[in-house]
Amino acid sequence: MVGLPGSGKTTMAKKIAAETGALRLTCDEWHIRLFGNNPYSLNHSTNHENIEKMLLEVAENVLSNGGNVVVDFGSWSRAERNELRELARRSGAKFIMHYLDVPIDELLRRLDQRNRDFSESEFIISPEKLARYAK
């Protein structure tokens, strides 16, 4: 999955997982359960990176054993996307990337709604933070 917060990555990932029986790996849900819902905490980035690494190890193991995986990360950088492609190649798996390109105004509207309907499994993201991510 590739897309900014609010683009519909998790919604699409859940749909794909339900339709295919794939294992859905979502870093945010693990992060929130382990460390709480504060994206501004001191160790947030380090914790997030460590969880991503562990989930990618799980993904590689599942793929190597013939299973299917949906990696529900933002995958904003080319390096991240290349890492996922390489993981699939090493595992002998087919690689499909879903890019969700949503206009910034719609992302802001969705995040505003998401922040108001607070869920324990999602981070609250401010409009300012989304603007930084969009750059």
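The values are calculated or read from the model by the stated rules, or taken from the named source; none is laboratory data. The structure displayed is predicted, hence computed values, not measured ones. Positions of Cβ are generated from backbone atoms using ideal geometry, with glycine treated the same way; all protein chains shown enter the neighbour counts. Side chains are part of the model used for accessible areas, which takes the heavy atoms of the whole protein and leaves out ligands, DNA and RNA. Shrake-Rupley method; radii C 1.70, N 1.55, O 1.52, S 1.80 Å.
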Problem - Accessible surface of the chain [probe 1.4 Å, protein heavy atoms]: carbon and sulfur percent - result: 51 percent
Fill in the blank from the handout: Set K15/K129; K94/K135; K14/K53; K94/K129, cut-off 25 Å on Cα-Cα distance; pairs above it are K15/K129; K94/K135; K94/K129
Practice task
Evaluate the charge dipole of segment 23-114 about its Cα centre and quote only its size in Debye, nearest 20, assuming +1 on the Cβ of each Lys and Arg and -1 on the Cβ of each Asp and Glu.
Solution key: 240 debye
Practice task
Return an integer: the convex hull volume of the alpha-carbon atoms of the chain, in Å³ per residue.
Solution key: 111 Å³
Problem - ³J(HN,Hα), Karplus 6.51/-1.76/1.60, whole Hz, each residue of segment 15-25, x for Gly, Pro - result: 5, 4, 4, 5, 6, 10, x, 6, 7, 9, 10
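Grab the eigenvalues of the alpha-carbon gyration tensor for segment 31-89, scale each by 5, take roots, and send me the semi-axes largest first in whole angstrom.
They are 24, 14, 8 Å, listed largest first.
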Problem - Over the chain: helical MRE at 222 nm, DSSP H runs n ≥ 4 each giving -39500 (n - 2.57), nearest 500 - result: -18000 deg cm²/dmol
Problem - Among Y99, N115, T26 - extreme Cα towards positive end, dipole of the chain, charges at beta-carbon - result: Y99
